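The block underneath contains the structure these notes are about, expressed in structure tokens.
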Amino acid sequence: EAGVTQFPSHSVIEKGQTVTLRCDPISGHDNLYWYRRVMGKEIKFLLHFVKESKQDESGMPNNRFLAERTGGTYSTLKVQPAELEDSGVYFCASSLDGLPVLAAYSYEQYFGPGTRLTVT
Amino acid sequence: AQSVAQPEDQVNVAEGNPLTVKCTYSVSGNPYLFWYVQYPNRGLQFLLKYITGDNLVKGSYGFEAEFNKSQTSFHLKKPSALVSDSALYFCAVRVQLAGFQKLVFGTGTRLLVSP
């Protein structure tokens with residue numbers, strides 16, 4: 001079974017440019033998450049899709065970030081225009097079940113290798 | 001606010017010695033706790049989790065973690081470290097709101113195992 005894949009693995013862009021990151025979750029996983037790790041800090045939640053719907057985007061830093069998941073399969077995260085503080089590693093994760101999770105159970109999230117974004 | 005703390009930026013241990021990577025948490029309600037590992041140029045890999053039951057949880061690659069409710073800790077342990085265990089380790093807690101979940105991570109601890 002293929003794992004979560006992300007593209008590109010590394011992107012270097014100039015401030016003000018646009019970058020689009022892509023995530024392909026594990027086939028059949030309804031839940032898709034985006035996280036970000038800024039250098040030396042914790043991995044922070046950005047948003048959560050269930051199928052094509054955004055369930056929680058409370059972690060999105062500002063309106064320069066736009067995430068989509070058309071058709072409930074792969075997802076893209078666009079940063080436009082990029083700023084220096086957007087540099088970091090962007091992780092995507094997926095998990096089973098599009099339904100609200102029962103309190104007593106926790107589906108494991110499977111992470112991709114990340115995209116390292118450098119804004120110069 | 002629900003949070004996880006990893007007080008050590010780096011842990012150094014000699015191969016063959018036991019290792020401990022510390023994690024403490026602050027959550028409301030019952031904590032669902034996780035450890036992930038990131039090897040160089042790789043994604044986060046799930047190691048183990050605590051949901052309920054036995055306080056000692058066993059996971060991948062010989063790792064285990066001990067849940068201590070009174071100390072709000074979930075330290076990662078291994079009886080005998082390997083050089084190949086050198087990696088970045090993240091502790092996380094599951095936060096659930098309105099039936100949907102997300103992970104809140106610590107800042108990570110770099111483990112360096114010397115030969």
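The values are calculated or read from the model by the stated rules, or taken from the named source; none is laboratory data. Note that the coordinates shown come from a computational prediction; the quantities given were computed from them, not determined experimentally. So basically every Cβ, Gly included, is an ideal-geometry build from the backbone, and we count neighbours across all protein chains shown. Ligands, DNA and RNA are excluded from the accessible area calculation, which covers all protein heavy atoms including side chains. Shrake-Rupley method; radii C 1.70, N 1.55, O 1.52, S 1.80 Å.
For the reader, a short list of remarks on this structure follows.
- Ranked by the mean number of other Cβ atoms within 10 Å of their residues, highest first, the peptides B:9-15, B:80-86, A:47-53 fall in the order A:47-53, B:80-86, B:9-15.
- Listed by chain and number, the lysines placed with their C-alpha closer than 25 angstrom to that of residue A:15 are A:41, A:44, A:78; residues fewer than eight positions away on the same chain are left out.
- Couplings 3J(HN,Hα) of region B:24-29, computed from phi: 10, 9, 9, 9, 8, x Hz, in residue order, whole Hz [Karplus 6.51 cos²θ - 1.76 cosθ + 1.60, θ = phi - 60°; x for Gly and Pro].
- Candidates B:40, B:18, B:31: whichever shows maximal mean-square fluctuation once chain B is modelled as a Gaussian network with Cα springs under 10 Å: B:40
- Cut-off 10 Å between beta-carbons: net charge of the residues surrounding residue A:83, Lys and Arg +1, Asp and Glu -1: 0
- Take each residue of peptide B:100-113, count the partner chain Cβ atoms within 10 Å of its Cβ, and average: the result is 5.
- Shielding score for A:108-119, defined as the mean number of other chain Cβ atoms within 10 Å: 3
- Whether chain B is rounded, prolate or oblate, judged on the alpha carbon gyration tensor where a/c under 1.5 counts as rounded: prolate
- What the phi angles of region B:107-113 give under the Karplus curve with 6.51, -1.76 and 1.60, with θ = phi - 60°, is a coupling list of 7, x, 10, 8, 9, 10, 9 Hz, glycine and proline written as x.
- Label-point separation, residue A:66 to residue B:42 (7 Å along Cα→Cβ), nm: 3.7
- Partner aspartates and glutamates for residue A:54 [C-alpha distance under 18 Å; skip if fewer than 8 residues away on the same chain]: A:24, A:30, A:68, A:97
- By the Cβ distance rule (another cysteine Cβ under 4.7 Å), the protein assembly as shown contains no unpaired cysteine.
- Amide hydrogen neighbours beyond the local backbone of residue B:23, cut-off 5 Å, H modeled: B:74, B:75, B:76
- Computed with a 1.4 Å probe over protein heavy atoms only, the accessible area of residue B:69 comes to about 140 Å².
- Amide H within-cut-off set for residue A:17, under 5 Å, with H built and near neighbours excluded: A:82
- In nm, spacing of pseudo-spin labels at residue B:8 and residue A:41 (7 Å Cα→C-beta vector): 2.5
- Near residue B:109: Cβ cut-off under 15 Å, other residues only, Lys/Arg at +1 and Asp/Glu at -1. The net charge is +2.
- With all protein chains modelled, accessible area of residue A:54 [1.4 Å, Å²]: 80
- Using C-alpha pairs under 8 Å with a sequence gap of at least 6, the mean separation divided by the residue count of chain B gives a relative contact order of 36 percent.
- Only Lys, Arg, Asp and Glu carry charge here, each on its Cβ (+1 for the first two, -1 for the last two); on that basis region A:5-97 has a dipole of about 140 debye about its Cα centre.
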